[in-house]
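S.K.: Questions regarding the structure given below will be posed in turn.
The values are calculated or read from the model by the stated rules, or taken from the named source; none is laboratory data. These figures come from a predicted structure and were not determined experimentally. Here the Cβ positions follow ideal geometry from the backbone for every residue, glycine too, while neighbour counts run over all protein chains shown.
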Amino acid sequence: MRVRIQSVGRAASLIEAMNAGEWVPLRVLAASAGIARTTARNLLGALVDVGWVEHDPKYGAYRLGLPFLAFGNAVENRLDIAAAVRPHLIRLCAQTRETVNLALPGPTDATIVDSFEGSQSLRVTSYTGTRASYHSTACGRALLAWQPEPHRRSVYELTALAAPTPKTVTNIEGIEKILAETRATGWALEVEENEVGSACVAAPILGAGDIAIASVSVAGPVARINAETAPHYAQVLTDHLKQIAGAEDWPHAAGTLAHAPVAAVGSPV
């Protein structure tokens, strides 16, 4: 394997040597990767620090961490999830007249893999392929809230937790509080934390182990989506997600919704 950064290639070789999921001694890992034990120990230590690898100091062995479960789920599900969800996104966009996005999880941020722009004259614009931060977007929060804690911690350590606006929450304690509230309600809200003047409501689709495999969001200007109107949009959104999870052509039999009530309010439009 030829890579431009040697340490990345060596770390990848160590990860591949642990792909069976069992504990592997340091000497075996070093031999498999073709590197010195000291180099292997240092690289593995870095992987342990970000939660990607677990270490048993008593026996000097290592194994893959829980984040790889989420990574594997993301890769498996992205192969056909967009096609299955697209008709529901179109209907959701038509009903709300707001921009609707489908996001899938990645190691350090989410990716918008499908997007339909709203029909309102004043609307939020989004593009397929756009990266969405986990901490400052509703679709990112809806994904991160239902990931294992080691995965969340690795995200905090690997990303800058930047503040796109003055309202963005960037401290880990504050983000964790928001994610706990997201799990309690079953949906995420972001108001002017990613872009001034815009807001977004999102909810996850859960796979095996109640880990988020995707999220769907409804985005619009704060004049229409805000703390007061968010429950209405959340209700409309989760109603559509129930249709997705219950559809006969839904390719992920384990797909479910976050189990939390949504407080319905009158339509704001």
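S.K.: Taking the criterion of being over 25 Å from residue 155 (Cβ atoms) and exposed (fewer than 13 other Cβ atoms within 10 Å of the Cβ), would at least one residue in segment 40-56 satisfy it?
M.R.: No, segment 40-56 has no match at all.
S.K.: Then there is this: So, restricting to helices (runs of 4 or more DSSP H) that lie completely within segment 114-226, which ones have at least 3 residues that are at pLDDT below 95?
M.R.: 149-158
S.K.: Does any residue in segment 162-177 that is of a type outside the set (Phe, Trp, Tyr) come within less than 7 Å, Cβ to Cβ, of a residue that is in a helix (DSSP H, G or I) six or more places away or on a different chain, and which pairs are these?
M.R.: Going by the 7 Å Cβ cut-off, the qualifying pairs are 169/175; 169/178; 172/156.
S.K.: Residues in segment 20-33: is at least one in contact (Cβ under 8 Å) with a residue 40 or more places away in the chain and either of a type outside the set (Gly, Ala, Ser) or buried (at least 19 other Cβ atoms within 10 Å of the Cβ) (or both)?
M.R.: Checked segment 20-33: at least one residue is in contact (Cβ under 8 Å) with a residue 40 or more places away in the chain and either of a type outside the set (Gly, Ala, Ser) or buried (at least 19 other Cβ atoms within 10 Å of the Cβ) (or both).
S.K.: Among 174, 207, 220, which is of a type in the set (Gly, Ala, Ser), surrounded by 17 or more Cβ atoms within 10 Å (Cβ to Cβ) and more than 17 Å from the chain's Cα centre (by Cα)?
M.R.: Matching residue, one of 174, 207, 220: 220.
S.K.: While we're on this one: Going residue by residue through segment 72-82, is there one that turns out to be farther than 23 Å from residue 215 by Cβ and either surrounded by 18 or more Cβ atoms within 10 Å (Cβ to Cβ) or without any contact (Cβ under 8 Å) to a residue 60 or more places away in the chain (or both)?
M.R.: Among the residues of segment 72-82, not one is farther than 23 Å from residue 215 by Cβ and either surrounded by 18 or more Cβ atoms within 10 Å (Cβ to Cβ) or without any contact (Cβ under 8 Å) to a residue 60 or more places away in the chain (or both), which makes the answer no.
S.K.: Moving on. From 100, 85, which residue is closer than 30 Å to residue 215 by Cα and at pLDDT 90 or above?
M.R.: 100
S.K.: Another one. Taking the stated definitions as given, is residue 137 under 19 Å from residue 218 (Cβ atoms), in contact (Cβ under 8 Å) with a residue 60 or more places away in the chain, surrounded by 14 or more Cβ atoms within 10 Å (Cβ to Cβ) and not hydrophobic (A, V, I, L, M, F, W, C)?
M.R.: Against the criterion (under 19 Å from residue 218 (Cβ atoms), in contact (Cβ under 8 Å) with a residue 60 or more places away in the chain, surrounded by 14 or more Cβ atoms within 10 Å (Cβ to Cβ) and not hydrophobic (A, V, I, L, M, F, W, C)), residue 137 qualifies.
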